[in-house]
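Presented below is the structure to which this report refers.
The values are calculated or read from the model by the stated rules, or taken from the named source; none is laboratory data. What you see is a predicted model; the values in this text were computed from it and never measured. Please note: Cβ atoms are built from the backbone with ideal geometry, for glycine as well, and neighbour counts cover all protein chains shown. We work out accessible area using only protein heavy atoms, side chains counted, and drop any ligands, DNA or RNA first. Shrake-Rupley method; radii C 1.70, N 1.55, O 1.52, S 1.80 Å.
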Amino acid sequence: MSEDLQSLMNHTGQRARQAQRRALALEPGRKNDALYLMAEFLRRDADDLSRANRKDLRNAEQAGRDDAFIDRLRLDEKRIESMAQGLEEIAALPDPVGEITDLKTRPSGIQVGHMRMPLGVIAMIYESRPNVTADAAGLCVKSGNAVILRGGSESLHSNMAIAERLRAALGKAGLPLDLVQYVHTADREAVGALIRMDEFVDVVIPRGGKGLLARIREEATVPVIMHLDGNCHVYVDKDADPKKALQVVVNAKTQRLGTCNTAESLLIHRARVGDLLQPIAQALQEKDVEIRACAESLPLIPGAVAASEEDYGTEYLAAIISLKIVDDLDAALAHISQYSSQHTESIITENYSNARRFLREVDSSSVMVNASTRFADGFEYGLGAEIGISTNRLHVRGPVGLEGLTLQKWIVLGDGHIRS
């Protein structure tokens, strides 16, 4: 890494640390004012954001990027409005910072409890999706964290345009500008610097492809909140309602193809092959989904192709789904345990006991009953927005919103108490 780049990253980290310390004194109302201004500035300059995004789209098309990638990159009027609404929804949420819980009086007379505080400085490293710039900034400002944003080169123009409006809103609201910083360089070494800046960065949150995530998992010395991929399952149980099964499977797979909460694997109980396999397969094929079927189901589905062992563990992010017939709930649970990426799994059933077993025994960050995996999302969970999905076993799992960007410290209240 060049000395100039290392100096730039260190300076960015120092500024973030200073801004975050100042943010500890901010009242909720001031942070909310900044969030509302962010939303206002995005709406006001929507045409400028669209123009910047068109540059990125042209570059992506010229580079031969696929449709799913283009969809993730696109910023249309609806998505700009969605970013603005997301910021306003974050502003309307209760502020977790300073919240005191579990306050108890001890025999000594002191009161002991917990207080929520920000994580500190967050490095957000992401690819493709420009909306992440606004979501991450809004959540970090609300939760009292400073954020260093480093988007992919493919969305550079869009991200810079968004970040410029967000910082302008911070300035107008009188908040430290460096609560939100965007790393303008496309140099990949900037990522290497961020994930090893223990002195200035407290947490790294990556969102992107497997290559980026694997690199960060291997190289980071800063703690990471992440998931590697989203091989999400829908299991159609013996006691599934046919209408619910059909609509949930189709929605989970086709509502949007290029997201980590899209269903990639379908399991069907053997007892429902006769009445549900072909209607579900036909509905998926009508949506141009390629079905990669197990040896038993392959002859039953015209146009299907044979599934390989690799297919069962693959996050396609495309119009492809793997399918397997299973003997019972135990077989479904074993398959999910073997192939799941621990992101999101759903069971379709009217059997209360099976639903309870599925909820209890599936080890994923979101587990659902009779609902599309596409609901595994911070907005849908009432978080306002999400900064990412975590499949970690420490601190937070699933969509990471405001509370996930804070931690708890012990507080002790006394009145001249001394320990005897």
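Counting the residues of segment 224-244 that are buried (at least 23 other Cβ atoms within 10 Å of the Cβ) and not in a loop (DSSP other than H, G, I, E, B) gives 5. Kindly indicate whether R72 is crowded, with 20+ Cβ neighbours inside 10 Å and basic (K, R). Judged against the criteria, R72 is a match. Of the numbered criteria (1) open to solvent by 40 Å² or more (accessible area, probe 1.4 Å); (2) modelled with pLDDT under 95, the one T221 fails is (2).
Could we say that S297 is under 22 Å from E361 (Cβ atoms), crowded, with 17+ Cβ neighbours inside 10 Å and polar (S, T, N, Q) here? When the stated conditions are applied, S297 does not pass them.
Residue by residue, here is whether (1) over 20 Å from V204 (Cα atoms); (2) at pLDDT 95 or above; (3) touching a Gly at 6+ places or on another chain (Cβ under 7 Å) holds:
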position: R58; (1), (2), (3): yes, yes, no
position: D66; (1), (2), (3): yes, no, no
position: A84; (1), (2), (3): yes, yes, no
position: E89; (1), (2), (3): yes, no, yes
position: L93; (1), (2), (3): yes, no, yes
position: I110; (1), (2), (3): yes, yes, yes
position: M115; (1), (2), (3): yes, yes, yes
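One residue is enough: does segment 385-406 have a residue meeting the conditions in contact with a strand residue (DSSP E or B) (Cβ under 6 Å, 6 or more places away or on another chain), of a type in the set (K, R) and under 30 Å from A134 (Cβ atoms)? Taking every residue of segment 385-406 in turn, at least one turns out to be in contact with a strand residue (DSSP E or B) (Cβ under 6 Å, 6 or more places away or on another chain), of a type in the set (K, R) and under 30 Å from A134 (Cβ atoms). Looking across segment 245-278, the residues that are surrounded by fewer than 19 Cβ atoms within 10 Å (Cβ to Cβ), charged (D, E, K, R) and at pLDDT 95 or above come down to R270, D275.
Table: residues versus (1) in contact with a Ser or Thr (Cβ under 6 Å, 6 or more places away or on another chain); (2) loosely packed, with under 15 Cβ neighbours inside 10 Å; (3) more than 30 Å from E88 (Cα to Cα).
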residue	(1), (2), (3)
A334	no, yes, yes
I348	no, no, yes
N354	no, no, yes
M368	yes, no, no
L405	yes, no, no
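One residue stands out in segment 224-243 among those that are under 17 Å from the mean Cα position of the chain (by Cα) and of a type outside the set (A, V, I, L, M): the one that is nearest to N351 (Cα to Cα), namely C232.
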